[in-house]
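Report on the following structure.
The values are calculated or read from the model by the stated rules, or taken from the named source; none is laboratory data. Treat the numbers as computed from the prediction; the structure is a model and nothing was measured. Note that each Cβ is placed from the backbone with ideal geometry, even for glycine, and that neighbours are counted across all protein chains shown. To get the accessible areas, we keep the full protein, side chains included, count just its heavy atoms, and leave off ligands, DNA and RNA. Shrake-Rupley method; radii C 1.70, N 1.55, O 1.52, S 1.80 Å.
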Amino acid sequence: MALMIHDQPSPNFGERRDGARPDLVVIHYTAMPSADEALERLCNPEHEVSAHYLICEQGRVFRLVDEGMRAWHAGAGQWGEVTDVNSRSIGIELANPGTAPFAAAQMDALELLLADILDRHAIPPERVIGHSDMAPERKIDPGPRFDWKRLGLQGLSVFPPVSDEITPNEVRFVQDLRAFGYPETPLEALLPAFRSRFRPRHHGPLDGRDMALARDLATRFPIDRQGPTA
């Protein structure tokens, strides 16, 4: 399957600030009934929202904003020391209402697009994140139906193969997720966001499996907090 991209320019973008270059990819879902409605909104100047790419359910990829520019997709949030996520990221919207599985053709297209982006920008897989990762107190996308494990197996994101357990410790859990990149966030918001990605549909209080997963992420993928904060 070859990657085919259709240009549908959006007016909703600006310059990346302070000469920033993309070193993050943020995945979203549109939370709208159809790709056509999402495309109209992302290209409407009245809404002041956009992304670099939109992938429809059938796998068609639309380029809305040039990768060299700052699309308006992430909003308030943080990953590591990066507080202006829009200036440091490429945003990918997946047409999905938020209550449906992600179509096979859509995931196939996403894999091709991600592989191309990561290769061209030398972005490591641990810096492919969800909207809810960088803004766990206000965002839930791409949600528990999104197949992060599939991306991890392809080297297009990370998904810890951990099966052991560690005694639960709320302070250490938060510290480990901070070391991986999550923003400083109360546990009641951080735990659901973390589980949505790494333990979909799991509920209940913090447990030993959560701890082991967080420790693995912090140990293998500690974020560089010495770099620029833009």
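Can you give the relative contact order of the chain as a percent, counting alpha carbon pairs under 8 Å and 6+ residues apart?
Answer for the chain is 22 percent.
For Rg and Dmax of the Cα atoms in Å, one of (1) 16.9, 51; (2) 18.4, 72; (3) 19.5, 72 was computed from the structure I shared and the rest are decoys. Which label?
Correct label, based on the coordinates given: (1).
Return one number: the angle in degrees, 0 to 90 and rounded to the nearest 10, between the long axis of the Cα atoms of helix 170-180 and the longest principal axis of the Cα atoms of the chain.
That works out to roughly 40 degrees.
Which residue, 119, 207, 66, has the most motion in a Gaussian network model of the chain that connects Cα atoms within less than 10 Å?
Maximum fluctuation in the GNM of the chain, among the listed residues, is at 119.
Top mean-square fluctuation among 184, 15, 67, Gaussian network model of the chain, C-alpha springs under 10 Å?
Between 184, 15, 67, it is 15 that shows the largest mean-square fluctuation.
Using the alpha-carbon atoms, what tilt in degrees (0 to 90, nearest 10) does helix 187-198 show relative to the longest principal axis of the chain?
In the chain, helix 187-198 runs at an angle near 70 degrees to the longest axis.
Go through 29, 42, 11 and say which Cα lies farthest out towards the positive end of the charge dipole of region 1-135; charges sit on Cβ, +1 for Lys and Arg, -1 for Asp and Glu.
Going by the charge dipole, the pick is 11.
By how many nm would the segment from residue 115 to residue 167 grow when fully extended, if each residue of separation counts as 0.36 nm and the alpha-carbon distance is taken off?
15.0 nm
Taking +1 at the Cβ of each Lys and Arg and -1 at the Cβ of each Asp and Glu, which of 182, 92, 160 sits farthest along the dipole of the chain towards its positive end, judged by Cα position relative to the Cα centre?
Positive-end residue among those listed: 160.
Set Lys and Arg Cβ to +1 and Asp and Glu Cβ to -1, take the dipole of the chain about its Cα centre, and tell me which of 79, 124, 212 lies farthest positive.
Farthest towards the positive pole: 212.
Using a 1.4 Å probe, what is the accessible area per residue for region 19-94, in Å²?
Numbers: 2820 Å² over 76 residues.
Using a 1.4 Å probe on heavy atoms only, each residue of region 19-94 averages 37 Å².
What's the extension gain from residue 147 to residue 66 if we count 0.36 nm per residue and subtract their Cα-Cα distance? If you can, show how the numbers build up before the last one.
Numbers: separation 81, 0.36 × 81 = 29.16 nm, distance 2.64 nm.
Separation in residues times 0.36 nm, less the Cα-Cα distance, equals 26.5 nm.
Evaluate E = 1/(1 + (r/R0)^6) for residue 203 and residue 58, where r is the Cβ-Cβ distance and R0 equals 25 Å; express this FRET efficiency to the nearest 0.05.
Values: r = 33 Å, r/R0 = 1.33.
That gives a FRET efficiency of 0.15.
What percent do you get for the relative contact order of region 71-183 when only Cα pairs under 8 Å and 6+ apart count?
Reported relative contact order: 30 percent.
In whole percent, and with a 1.4 Å probe on the protein chains, what portion of the accessible area of region 133-187 is carbon and sulfur?
47
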